[in-house]
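The values are calculated or read from the model by the stated rules, or taken from the named source; none is laboratory data. Every value quoted in this text rests on a predicted model; they were computed, and no experiment measured them. In this analysis, Cβ positions are derived from the backbone assuming ideal geometry, glycine residues included, and neighbour counts consider all displayed protein chains.
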Amino acid sequence: MEFPTTKKPLGILSLTSLVTGTMIGSGIFLLPAQLAKLGTMSLLSWIITTFGAILLGIILAKMSILVPKNGGPYAYSRAGLGDFIGFQTAYTHWIALWESVIALILAMFGYLAIFFPILTQTLPMFISSIAILWILTIYNTRGAKAVGILQTITTILKILPILAIIVFGFIHFNANYLSFDFDPTNHSYNYSILSSAAGVTLWSFIGMEAATIPYDHVKNPEKTIPLATILGIIIASLIYIASSIVIIGLIPIGELANSATSPFITAAELLFGNTGKWIIIAGAIISCLGCANGLMFIQGQIASAAAENNLFPSVFAQKNKHQMPSGGLIITAMIQTVVLAMLLYKTIGDQFDIIVAIASLAALIPYLYSMAASLVVFKQQQHNITNSIYIFIAFLTAIYSFWILTIMKNTVILHGSFLIFIGVILYAILYDAQEKIK
């Protein structure tokens, strides 16, 4: 259901904040330490991942014009490759997003526990995490405008302390640190290091497609969605690259790799003393909260779009007076609650790693399918030089998405294959139900 133009709540600021805010979550605070274990060569992975993300963004932006529908990658995959691939795209994308929300809530409690040590205990952490999950769910039912306002505020609040570290960090920057352990394997430009690092940095780019998904809620979508997509990806990428370089230029690579806390906390203490430490911790909490808010919003929109095409159960399409898919949001929150309960026996770190790995793989499938679908859609358009350029870019991004899939760990691929298999069975069941209705 489309709204009248005057009632569409998402403009360029809120939509760009949606992209930037969903990309910049917990990853930016944790990744420098993870990348440090691979040597300073791993910084090159940011360039590779950013290049791939911008290419993906270009194609997604173009597809938002050619396929003007809610759902983003789901709508594009269905338009180019049919209902079955469309369902698989919506299904894996939906899983990737709600799992990412769980990961962000877990990461947020890792920081909250510094303020409130009782949250290191299993039961208090579980009760509190469930409370945050349901508060966010209820808030998301209040409308796209409310989601956009929170997203804009949290994006600004999370970026300000990071920018402070970037600016003041360059003043105290030690360029010599960048040459330490450039390649721990002693093989220049080692492929395995770059591949491993690219797999790690991918987590930080989940959400790059956010602006394309809530099409029906966007003011002047033909212009706003492409602009917000590219702007959001560029802003987030520049912050990722600059902050990672600064952190490595402030903290020796060996110390960084063995850091027991977020490298940003260590850097903030070096630059601003104890006050800086608490500001960064607060910024990390806000970052996780804002990112979870954005991902929950687009998760609901994807499931709703699929349900409106009879590819998801109809409950996911049920909307309240604020035109939000409240039925789907509540059903998804119930699933997330069960998953959180199942993860109780593991530590926060173990929980986070498991969820991140599966979510990253599940997010790659929609990227790959939507890029393949875009090749079909572009070829259906009138052939010209511009269209040929888009076909070439779409081909490159499809290869890029497939390459990232090939470097995933075997256990992650196994879990992902299991998810896809379940999706095939679910599609068959839903298809059979639709045929009976007809």
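Counting only residues that are touching a helix residue (DSSP H, G or I) at 6+ places or on another chain (Cβ under 7 Å) and over 15 Å from Ile286 (Cα atoms), region 149-172 holds 6 of them.
Restricting region 1-26 to residues that are part of a helix (DSSP H, G or I) and at pLDDT below 70, the residue that is surrounded by the fewest Cβ atoms within 10 Å (Cβ to Cβ) is Thr6. Please find, among Tyr74, Tyr139, the residue that is buried (at least 24 other Cβ atoms within 10 Å of the Cβ) and in contact with a helix residue (DSSP H, G or I) (Cβ under 9 Å, 6 or more places away or on another chain). Sole residue among the options that is buried (at least 24 other Cβ atoms within 10 Å of the Cβ) and in contact with a helix residue (DSSP H, G or I) (Cβ under 9 Å, 6 or more places away or on another chain): Tyr74. Only a single item in (1) without any contact (Cβ under 8 Å) to a residue 24 or more places away in the chain; (2) within 21 Å of Ile422 (Cα to Cα) is not met by Ser100, and it is number (1). Being out of contact with any Asp or Glu (no Cβ under 9 Å at 6 or more places or on another chain) and crowded, with 22+ Cβ neighbours inside 10 Å is a description that does not apply to Ile280.
Among the numbered conditions (1) over 25 Å from the mean Cα position of the chain (by Cα); (2) surrounded by fewer than 23 Cβ atoms within 10 Å (Cβ to Cβ); (3) in contact (Cβ under 8 Å) with a residue 60 or more places away in the chain, the only one that Ala268 does not meet is (2). With the structure loaded, tell me whether Ser374 is at pLDDT 90 or above and buried (at least 23 other Cβ atoms within 10 Å of the Cβ) or whether it fails that test. Taking the combined requirement at face value, the residue satisfies it.
Return the residue satisfying two criteria in turn: it lies in region 78-114 and is over 27 Å from Ser262 (Cα atoms) and of a type in the set (Phe, Trp, Tyr), and of such residues it is nearest to the chain's Cα centre (by Cα). Among residues in region 78-114 that are over 27 Å from Ser262 (Cα atoms) and of a type in the set (Phe, Trp, Tyr), the one nearest to the chain's Cα centre (by Cα) is Trp94.
Among the residues in region 220-240, are any without any contact (Cβ under 8 Å) to a residue 12 or more places away in the chain, under 18 Å from the mean Cα position of the chain (by Cα) and in a helix (DSSP H, G or I)? Yes, some residue in region 220-240 is without any contact (Cβ under 8 Å) to a residue 12 or more places away in the chain, under 18 Å from the mean Cα position of the chain (by Cα) and in a helix (DSSP H, G or I).
Does Leu157 meet the test of being at pLDDT below 90 and part of a helix (DSSP H, G or I)? It is false that Leu157 is at pLDDT below 90 and part of a helix (DSSP H, G or I). Ser259 - would you say it is of a type in the set (Ser, Thr, Tyr), within 26 Å of Phe51 (Cα to Cα) and modelled with pLDDT under 90? No; evaluated as a whole, the condition is false for this residue.
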